[in-house]
1. Can you find, within the stretch C:206-236, the residue that is nearest to the other protein chains (Cβ to nearest Cβ) among those that are aliphatic (A, V, I, L, M) and within 14 Å of the chain's Cα centre (by Cα)?
2. Give the residue that is surrounded by the fewest Cβ atoms within 10 Å (Cβ to Cβ), with candidates limited to residues of the stretch C:26-45 that are more than 7 Å from chain A (Cβ to nearest Cβ) and outside any loop (DSSP other than H, G, I, E, B).
3. Quick one: would you say A:G553 is within 14 Å of chain B (Cβ to nearest Cβ), closer than 24 Å to A:I452 by Cβ, assigned to a loop (DSSP other than H, G, I, E, B) and at pLDDT 85 or above?
4. Suppose we filter B:A225, B:A297 for residues that are among the aliphatic types (A, V, I, L, M), without any contact (Cβ under 8 Å) to a residue 12 or more places away in the chain, surrounded by fewer than 21 Cβ atoms within 10 Å (Cβ to Cβ) and assigned to a helix (DSSP H, G or I); which single one remains?
5. Take the stretch A:441-453 and flag every residue that is touching a residue at least 40 places away in the same chain (Cβ under 8 Å) and either within 12 Å of chain C (Cβ to nearest Cβ) or part of a loop (DSSP other than H, G, I, E, B) (or both).
6. In the stretch A:99-133, what residues are under 16 Å from the mean Cα position of the chain (by Cα), within 9 Å of chain C (Cβ to nearest Cβ) and hydroxyl-bearing (S, T, Y)?
7. Given the structure, is B:G123 touching a strand residue (DSSP E or B) at 6+ places or on another chain (Cβ under 8 Å) and free of Cβ contacts under 8 Å to residues at least 12 places away in the same chain?
8. Mind checking whether some residue in the stretch C:101-109 is more than 14 Å from chain B (Cβ to nearest Cβ) and either under 15 Å from C:I194 (Cα atoms) or outside any loop (DSSP other than H, G, I, E, B) (or both)?
Amino acid sequence: MSCGSGNCGCGGKGHQPEPEAGPESPVTDYIKSAKNNSRGSVPDPRNAFARAIGWFFSTIMADMRITRVRIISQAFFFILFLFFVVITDLRYLKGYPVSLFLEVDPLVGVATAITTGTVYKALILGLILLIPTLLLGRFFCNWICPYGTLHQLTNFLFGSRDEQQRIESNRFSNLQQLKYVIWLAMIVAALFGSLQIGLLDPICLFHRSMATAILPGINLIFPDTFYVEQYFHVGAWLIGGILLFFVGMNVIIPRFFCRAVCPLGAFLGVLSRFSVIRIERDPNKCIDCDACLKNCQGASDPHTQLRKSECFVCFECIDDCPVDAISFSFMPNKEHEVAGPPLPGRRAALASLLGVAGYAVARASGDSDANFNKKVIRPPGSVAEEGFLERCIKCDQCIRVCPTNVLQPTVMEAGLEGFWTPILNMKVGYCELNCTLCGQVCPTGAIQRISIEEKNGRGQFAEQGPVKIGTAFYDHGRCLPWAMETPCVVCEEVCPTSPKAIYSHEVTIRKRDGGSMTVRRPYVDPSLCIGCGICEHECPVKDHAAIRVTAIGETRSTERRLLMDGGDPSSLLDLVKKKR
Amino acid sequence: MPQSVNKRDFYRTDISLVEKSMGGLIILILLILGIGLVYKGRSYDATLYTGDPEALESTRVAVEGKAATVRGAGDLRAYELAGAGQAAMTSAGKELVTTVAGLSPLGPTEVYNEETLFEKINGRAPAYFQFNFQELTSRSFLVDGTAGDFIDAYLFRMDSPINAFGIFSIERSEAGAALDFIADGYRSGMGYFMRQGTTYVQVITSSSDPAIMSLAESFSMELAAGLPEDNTGLEGRFLLPAEGQIPGSLTYISEDAYGQSALSGIFEAKYESGEQELTLFGMNAPTAEEASGTWEAVRDFYGKFGTLEEAPAIGDAEVFVAESFGQWNIILTSGQTVAGVVNANDRDLAVRFLQTHFGTAEGESEEEYIF
Amino acid sequence: MNRRQFLRHMALTGTASAGAMAAGFYLWQREHFVPGFQEQSGITLPSFVAEKAASQADLGIAHGSDRFAVTRAAIDALGGIQRFIKKGDVVLLKPNVAFDRPPALAATTHPDSLRVIAQLVLEAGAKKIIVADNPINSPAGCFLKSGLQAVAGELDLELMYPEQSAFTNLELEGEILRHWPLFYRPFERADKVIGIAPCKDHNLCSASMTMKNWYGLLGGRRNQFHQHIHSIISDFALMVKPSLVVLDGMSVLISNGPTGGRLSDVKEMGTVVAGTDMVAVDSYGYTNLLERDIAGLDYLHKAHERGLGNMNWQETIWKEIRV
């Protein structure tokens, strides 16, 4: 517990506070008290804990330079992220805010605010990050972002370069403009109601990759690690491939994604122009050795005029400067900085144009409108399709948490705008009646956080009726009792609604050999069917079920309802009864 | 700090207290955050979700293997193959064009399926659904050199020739004049209506002007020629001779013709015979046995609701004559054919009529009887 | 850095932070909702019914051979167009242009029918006439082929097409019809509303006359209406309270409706019925023009039972004229 240096912050007994420690006295006091606590303790778990804290502060902190604190922070958030990813599962979920990283992601909050005019529930947490960014700059990128940490780690482990090569690879490159183009195009598209940030937002991207490709992949190799039964996801190879591509790019350009692609980084970079504290080089001390570039994460030119928008506030340059010419200063000389992002007006105009055109051509395909796909069966509680495109960030948290694996990322089913948004694929799973997990984890309200009562139209919600996500239809040509002289009606047995939406009539049919037999032929009552798809999933005609759910009849859209008075089950039931 | 685990040599060794304190503060914040998250994670409302993986598992167990109890998986494959055999006969969206001079397309070719037919003909659609409507291809053509006169073509594809004939005949107008270039077709005041193969074609003009009607006629001929001929299931229709047939009287009755369940899938036409009108029907049964079975059932029916009389000879067919409510019914069967005159006022006229058309013996029917 | 720069920078950063905070809290949506079940609000159409003197007829029936004269006579029997239209009124005429059929096939409102009524309305001093319908087929094609576009051009009537922005949510306490996209833009300026309907056979609801004509005011997925077609049509009588309806029975589509297609489907009946009670007008049309038994027309019974009109047209004040 001793420290060898007079400069350490622990302070021995009788040690006088040093003059510069004045403003930090609460901290030193805390450390002292922690130490005192640990001394006067008897075996007590709480005291052991306090002792551990005391040890941590007095020993580790003694060596603590800010870059090491940063590594602790990165490790903490990286592990926290992985922890959340792993526990996004019904078995472990409990009350953990597993979508926290998405919620504090200010790009998610701001972009959904642009598209919807609202900030959904916990997205308000984005403000927590926005304010320090306005003061300190892009610290998020190198202190919190787990995807950034992944890249830094990859670069650290596999980016074999000698010192000079490292310096050269960390010089600012015009390629870094690209991320501003991407960000601006996405924001402009958002103004029209098309939310595309999720394609490249690092948190969304990382969540999506983990949920659809990495965890199922690991589970394939080491069975029973994450799933009770192996999960499959449509197009996982593409999502996983993109992750590997960005990770691999570190070998060519260090932190390629963070520097050149990341729209969140671009957004924080734009905000950095307001920051009041930044890295400052003292030109009088500087010997122009460029050593500060050796470990520069953002390629922000600390050796000359600092590009505020590119600096990740990693503090490596301070550590690497042989002459202490670099410091972290409060409002230093404005002459020594490039405040705004490196995005010339013409590029910005091009980006805006890309956003407008991208929105227009994607929306004009009609996939979310007149030509909507029957396969786009959205999770229960989803807002109407137009709103869905305004809200869904393709983070695929819903897909991760879905207990039956029914939720799948789209490829082109929902159009270009809906790429990687969740749809139900009844071949893989079915929508569990007493489950609203997808809505619980959705950070943006694309799937609203409805309760099980609301989903199933029970209790005080009986009048409004259940949330329907589609309607099941029979394919008589493939149905065993309808076409093949074979009794079945598994669909009726598994139908979970009460009363059952699937019913059957007994009929006597003439068989091929001339004899007769009695089979039950099933029917769907569209007023009761909620589109859960368990019938399709359990249909023995596995490859292309004899009963299939399509999106029509979904309650989220009045346009896409099937029955005229679908909103009023009581009168509808009467009508249906009369019809029979 | 040489004693620390550190591969990297730092130039900077002087770490200020401010820096250390800030570091401590940050670590403290992280610690608090971690504790807070654990605390939040442990306190939660279990009713938000089932919270019980067993509940999901129980559903799975309840349904799994259910299908397998029906049949072995091996049997199933055969059925699936059978199901896949009935591939949908959807035609690709072809452009509807014409080579008739003087017509130029007005707008694109529109295609409607069962789901969208309402968008084109709205409340008329159910009439088409009764006959297993498949697809409508429609396009407008402008008549060149006129002030907005147009010709609209509608090609309603049904699932079978018989259904195409069905919708054709229920819409048929008595006033329509038969066409010489197609068996099922007529000309109405402002258009042409035809049945070719599985398609019911309407060519509708904006005016009854002869010049436009003649354009429409050439267009109709072109359309009819472009459609494949297919009369499957319509054999019965050709039992009814064209000679003397009252235009527009030919209809198809799918079931319960003349109130008799035995008579289904028959064709009926009315004929002018002297001053009187005769109703002749005809059908083709799949086998001779079924034909005579049907004939017997009809005879029994008339025996119950009328009186059976001595029958005259009509070729080599089996014939009965029945009087019912003051009208005569003469029904015959020969081979697979069942035909007859119903509700005739004049017995002799009806018999003569049948003798004219069915009097000649057919060799093939004998074979059937020998067999 | 000088003091001025410093202050400016601090102010900028402070404003940005405060702005972000304020905007965040202002836009904060704390509660979820259940999509599709939110409270809906909408517009209920006002009544366009004109004042009526006790002696004035509810039903004017005119027979003859000239559509212009007969239509005028039918409206004159009610007390003339002045009873309904005041000087300076903006008048909405709602024809039935559901299909892109030529006029002679009687599937749409005849252009002469629109012409004569528009002329009458203009003679009464109306400031502006709007013609609007939401056809089944493409609006441009329907207005063109039915010949109504030509009439509109000739008399300078404003044609309103059912553009997406022209719809507003309807609010109605109907039997089935509650909330539905309503083609509302034509009503924004209208002081008076006149429905001009052809008399047609209809495959689903037996007949399409003045009540069914209002179908063309609705948008959305109208094919759902066919699930409860009679309830819906009776709801139309609640939805619109027109100043006047005119049933054109000069040529009646008696079979293969509502599209027709053959001249032989059309029967010349030489009658025009004008009236203020749609239910009475339709019951006259059904019994005397389509010559069918009124017992079979559910929607008239429904509307009658709900007090939306009188289906026993003889009980109303009616006048019959032969031109």
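The values are calculated or read from the model by the stated rules, or taken from the named source; none is laboratory data. Worth saying up front: this structure is predicted, and the values here are computed from it rather than measured. Cβ: placed from backbone, ideal geometry, glycine included. Neighbour counts: every protein chain shown.
1. The residue in question is C:I232.
2. Once the filter is applied, the top-ranked residue is C:Y26.
3. It is true that A:G553 is within 14 Å of chain B (Cβ to nearest Cβ), closer than 24 Å to A:I452 by Cβ, assigned to a loop (DSSP other than H, G, I, E, B) and at pLDDT 85 or above.
4. Only one candidate qualifies: B:A225.
5. Step one: filter the stretch A:441-453 for residues touching a residue at least 40 places away in the same chain (Cβ under 8 Å), giving A:441-450.
A:C442, A:P443, A:T444, A:G445, A:A446, A:I447, A:Q448, A:R449, A:I450, listed by residue number.
6. Result: A:Y120, single match.
7. Working: touching a strand residue (DSSP E or B) at 6+ places or on another chain (Cβ under 8 Å): yes; free of Cβ contacts under 8 Å to residues at least 12 places away in the same chain: yes.
Answer is yes for this residue.
8. Our first condition is that a residue be more than 14 Å from chain B (Cβ to nearest Cβ); within the stretch C:101-109, this holds for C:109.
Those left that are additionally either under 15 Å from C:I194 (Cα atoms) or outside any loop (DSSP other than H, G, I, E, B) (or both): C:109.
Among the residues of the stretch C:101-109, at least one is more than 14 Å from chain B (Cβ to nearest Cβ) and either under 15 Å from C:I194 (Cα atoms) or outside any loop (DSSP other than H, G, I, E, B) (or both), which makes the answer yes.
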